[in-house]
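> So that we are looking at the same thing, I have put the structure below in C-alpha cells.
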Amino acid sequence: APQTGLSVDPSRYPQVPRRDVDENYYGVGLSDPYRCLEDAEAEETKQFVAAQNKLTEEVLAECDTREPFRKLFTKLFDYPKFGAPFRAGTLSDIQWTDDGSLAAYSLSKGGSDWNTIQVLRVSGTDEPPTPLGAGDDVLEYVKFSSLAWTYDNRGFFYNRYPDPASRPADLGTETDTNTNQLLCYHVLGTPQASDPVIWAIPEHPTWMTGANVTEDGRFLVLYVSQGCVPANHLYVVDIQALDKTPEGHTDWSKYDFFKGSKKLPLVKLVNDFSASFSVSANDGTTFYITTNLDAPRYRLVKVADINNAGRPATWPDHIPQHDKDVLKGVLALKGDTMVVRYLRDVAAALQLRSLSTGSLVRELPLPGPGSVGALSGDRKDTELFFSFTDFVEPGAIYRLDTAPGSPLEPQLYRRTKLQVDDHDPQDYVTKQVFVPSLDGTPIPMFITHRKDLRPEGSAPTLLYGYGGFNASMTPGFSASRLAFMRGYNGVFALANLRGGGEYGTAWRDAGSKENKQNVFDDFQACAEFLIRERYCSPATLTIQGGSNGGLLVAACANQRPDLYACVLAQVGVLDMLRFHKFTIGHAWMTDYGDPDKASDFEYIFPYSPLHNVRIPTGGSRQYPAMIFATGDHDDRVVPLHSLKMLATLQYQLAGEGAAEGAGEGGGGGVAQRNPLLARVEVKAGHGAGKPTQKVIDEVVDLFGFAAKCMNAKWQEQPQCAQKADKEEEEAVTATATAAAAATAAATAEA
C-alpha cells in the first residue's frame, strides 16, 4: 500500500501476551495466540481495549478535517425523518392491534440484540399513550423476534430464548451461542412465566421460528428457518378452529408445545428447506405466496385451498418469474388490487396488478433510479403510501389512491428537506457501470459525485460493499456520504457484489460458501475500475464495509493491499474458523460453510482475514491504514473478531512478527507505518439503536481518519461552512433529541 498521510511508529502499539493455542485442522497446524481476547470480561481484554482506544484518540487528533466535517455532517443529518404513514399509528419498530388501541414495541439496551417487549395503550383521544406498566407486560430474553397480535386484542406472539442458567450482569457482552428459540403467546396482564410455548424445535436447536397473523385475523402463519439461507418451512393454523376459553377467546394454553393437552393442528404447506415461501395475501383459504422455488428471481403462486394444497411444485404461477427483474414484495389493498415491487438492475420499480388474475394494470412512475423503502397499505383501504430515496435526496413519501375512478398517479405526500439551504441534488451526477470481474461476470456499481468534478486520478474516493446474505445494496441517502462528497469533493461508489440479492438467489449463491472468493474478486475489480478510469489512485481510495462487509474489506486488504490507502472495517466477521461458536454465528454457516467440516475448511481458510496476514513483498511492504470499529455490546458479531484481528496485524506487521519477517526476507527493519487501529465504542452494539450523537461521533472519526490518510483537503463552500458554524449548537441539540424515526435513520447510518 502507499504511505498515507498518517504514520504510527511501531513502538506505540499496545502489547498483549501471546499464548499459543495450537490446533490441527485436517492436517493444517494452526495457532490461536490471542484467544484470551475472546473473554470480554477478562481484565486483560479490558486493558487491551482501553490502551487501543487511547492510541486511536491520539492518532485521530492529527486528523485536522474532523471538525469541519462534524459541522457539515451534523447539519446534513439534522433533517426530519419520516416513515410511510399507516392507519394505526406513526411509529416504526412497533406492532399495533388492528384497531390501533394497543401497541407492542421492543427496546434494546446498549445496542445489544437482546430486547425487552413492552405494551402501550392508546386512548383514541388527545391523552398521551400510556405504558401498561412495568410488571406482567414487560417481556425479557427476547431476540430476533417476530411480533403479531391476535385480532381479539387479548395478546400477541413473540420469540424468546430460554432463561439463562445465570443471568449475566450486562446482557449483550456474553458470547454464548443462541439456541432453542421459542415462539410464545403473551396474554396481557399475565406473567411472562405463564406464556404458553406455541412452537419449539428441540430436535433442531439452531432453527428459528417467525410468525404473523393474516389480515383477516383467521390464520396464524409459522415460518421455520435454518440459518440465513432464503428457504423455510411454511405452516398455517386456522385460529377459528381452536378451542376457546369460557369467555370466547382462543385457549392457547391447551396447545402449549411442552405442557398442553392438545397438539397445534398445523397445515404443513411446506415441510422442507427446498425454497423460500412467504404469504403475501389471502382470501379465506385461498393463499397468494411469494416463492423462489424453481425461480431464483421469485414468483407469486396461488394456492386455491390450503386444506387441499398439494405439493408446492404443483402450485400455479400467479405472477411468473420475470426474465431479469427480481420480485421483492407484494402488498394487497382493498378490492382487486395489489402493489408489486421489483428490483430492476438494482433500482426500484413498482407495478399495480389485479389480485384475482395477476395481470398488469400499470407501471407506476418513480422519480428516477433509487430505492422504494416502506410500502404501507392493507386490505381495508384503497390507499397506498411509499417512500423513495436516492444517493443525494433524503427522501419523499408518495400517496396513491387505487379506488375506482382515481387517476392511479402517485402524488407527493411529503418531501424531506435538508437543513442546508444551498443543497441542490442537480449539482450531483450518478451513473451505473458494469465492471467485468475476474471471471468476466459484469458487476453493477453506482458512482456518484459533484457534476463539476473532473476525473484526474486524484479524487478522494470511498468504495462501499457488502456481498452476502441475499441482501441488496440499493441506492439510498446517507448524510455521511453526502458530507464526504460535498466537503472533500469526493467520489462515492457502491458495488453490488455477488452474494447479495440484487439479481436473485442465483446471484446470492454465486458469492456464498465455496464461491465466496468471487465476492472479493468483484470488489477488487471495482477498485481497479475506479483507478483505471482515473477517478482516484490507490493513494486516494478508501474501502468501507460493515459486518459481512467488514469481512470483505479485511480480506481484500490481505489479498490486494496495493489497491487502497485506507480500510474502514466495521463490526466485521474476521475469525472464519470460530465465528460459528459465538451467539448467532451458527446461522451464518448457510453463507460461509462449516469450518469444522474438512470440505468447507478447504475454501474458508484461504480467505479468513485473521489467518492470512502477511507482510507484502513488494513496494512499500505495507498494509493500508486500517481502523476496526466495533461495540462492546455487539452480540451479533462479537468484538473478539476485531480485537484478535487487530492484535494479529500489529504483531505480524509492526511487532515482533514483522521484525522476524524482515530479517528472513532481507528487507531490513519494520516497514509498516500506516496506522493499524481500533475504535471500540462503549455501550454500543452492531449498529441498530445507536443514539444519534454516537453515530455522529463514529462517522466523524472514521471519515476524518480516511480523509487524512488520503491527504484529502477540505473544500466545502464558505457560505455553507459559515452557516454550519452559526447553527452548530442548535443542530447538535436537535439531533440529540431526535425521536423514533431519527433512530431508524441512525441505524441505517451505523
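> How many percent of the accessible area of the chain is carbon or sulfur, using a 1.4 Å probe?
Ligands and nucleic acids excluded, carbon and sulfur reach 50 percent.
> I would also like to ask the following. Can you tell me the length gained on complete extension of the stretch S458 to V682, counting 0.36 nm per residue apart and subtracting the Cα distance?
So the extension gain works out to 77.0 nm.
> So, counting K/R as plus one and D/E as minus one, what does the shell of residues with Cβ under 15 Å around S620 add up to?
+3
> Checking the cross-link filter: which lysines have an alpha carbon closer than 29 Å to that of K516, excluding same-chain neighbours under 8 positions apart?
K143, K324, K328, K431, K581, K597, K644
> Tell me which residues come under 5 Å, amide H to amide H, from Y535 once H is placed; ignore anything under 5 positions away on its chain.
G457
> Going highest first, how would you order 59-68, 557-566 by mean Cβ packing within 10 Å?
557-566, 59-68
> Right, here's the next one. So how much slack lies between Q47 and A313, counting 0.36 nm per residue of separation and subtracting their Cα-Cα distance, in nm?
Separation in residues times 0.36 nm, less the Cα-Cα distance, equals 90.0 nm.
> Provide the FRET efficiency to the nearest 0.05 for the A403-S599 pair, computing r from the beta carbons and using R0 = 60 Å. Could you put the intermediate results ahead of the total?
Details: r = 58 Å, r/R0 = 0.96.
Computed FRET efficiency for A403 and S599 comes out at 0.55.
> How high is the relative contact order of the range 323-415, in percent, counting Cα pairs under 8 Å that sit 6 or more residues apart? Please report the intermediate quantities before stating the final value.
Details: 198 pairs, mean separation 17.8, N = 93.
The value is 19 percent.
> What are the trypsin sites (Lys or Arg not before Pro) within the range 196-281 that DSSP puts in a loop, where the Cβ has at most 12 other Cβ atoms within 10 Å?
K259, K262, K263
> For the pair A506/L438, report the inter-label distance in nm, with labels modelled 7 Å from Cα in the Cβ direction.
Placing both labels 7 Å beyond Cα along the Cβ direction yields 2.3 nm.
> Of the peptides 699-709, 343-353, 40-50, how do they stack up when ordered by the mean number of other Cβ atoms within 10 Å, highest first? Kindly include the intermediate steps, with their values, before the conclusion.
Values: 699-709: 25.5, 343-353: 19.3, 40-50: 15.2.
Highest-to-lowest ranking by the protection proxy: 699-709, 343-353, 40-50.
> So what's the gap between the Cα centers of the range 226-298 and the range 588-628, to the nearest angstrom?
41 Å
> Are any of the pairs K46/K694; K417/K451; K259/K302; K109/K513 more than 26 Å apart by Cα-Cα distance, and if so, which?
Numbers: K46/K694 21 Å; K417/K451 21 Å; K259/K302 36 Å; K109/K513 33 Å.
Violating the 26 Å limit, Cα to Cα: K259/K302; K109/K513.
> What's the ranking of 395-405, 71-81 by average number of surrounding C-beta atoms within 10 Å, highest first?
71-81, 395-405
> Then there's this: If you count only protein heavy atoms with a 1.4 Å probe, what accessible area per residue comes out for the chain, rounded to a whole Å²?
Result: 39 Å² per residue.
> I would also like to ask the following. So what J values fall out for the range 456-464 if you push phi through Karplus, 6.51 cos²θ - 1.76 cosθ + 1.60 with θ = phi - 60°, rounded to Hz, Gly and Pro as x?
10, x, 9, 6, x, 10, 10, 10, 10
> Below 8 Å, C-alpha to C-alpha, sequence gap of six or more: please give me the relative contact order for the chain in percent.
Answer for the chain is 15 percent.
> If I stretch the segment between K380 and A61 completely, what's the gain in nm (0.36 nm per residue apart, minus their alpha carbon distance), one decimal?
Net length gain for the segment: 109.1 nm.
> Cut-off under 20 Å on the C-alpha distance; same-chain residues fewer than 8 positions from K254 excluded. Which aspartates and glutamates are left, in chain and number order?
D152, D195, D238, D243
> For the range 591-646, count all C-alpha to C-alpha pairs, find those more than 13 Å apart, and express that count as a whole percent of the total.
Within the range 591-646, distances greater than 13 Å cover 72 percent of Cα pairs.
> How far apart, in nanometres, would the label points at Q3 and E215 be if each is projected 7 angstrom from Cα along the Cα-to-Cβ direction?
6.5 nm
> What FRET efficiency, computed as 1/(1 + (r/R0)^6) with R0 = 41 Å and r the Cβ-Cβ distance, is obtained for V267 and D697, rounded to the nearest 0.05?
Computed FRET efficiency for V267 and D697 comes out at 0.20.
> Moving on to the next point. I need the phi-derived Karplus couplings for the range 380-388: 6.51 cos²θ - 1.76 cosθ + 1.60, θ = phi - 60°, integer Hz, Gly and Pro marked x.
Per-residue couplings from phi come out as 8, 9, 8, 8, 10, 10, 8, 9, 9 Hz.
> With a Förster radius of 22 Å, plug the Cβ-Cβ distance of D562 and Q517 into 1/(1 + (r/R0)^6) and report the FRET value to the nearest 0.05.
0.75
The values are calculated or read from the model by the stated rules, or taken from the named source; none is laboratory data. Quantities reported herein were computed from a predicted structural model and do not represent experimental measurements. Glycine gets a Cβ as well: all are built from the backbone with ideal geometry, and neighbour counts include every protein chain shown. The protein model used for the area step is the full one, side chains on, heavy atoms only, and it has no ligands, DNA or RNA in it. Shrake-Rupley method; radii C 1.70, N 1.55, O 1.52, S 1.80 Å.
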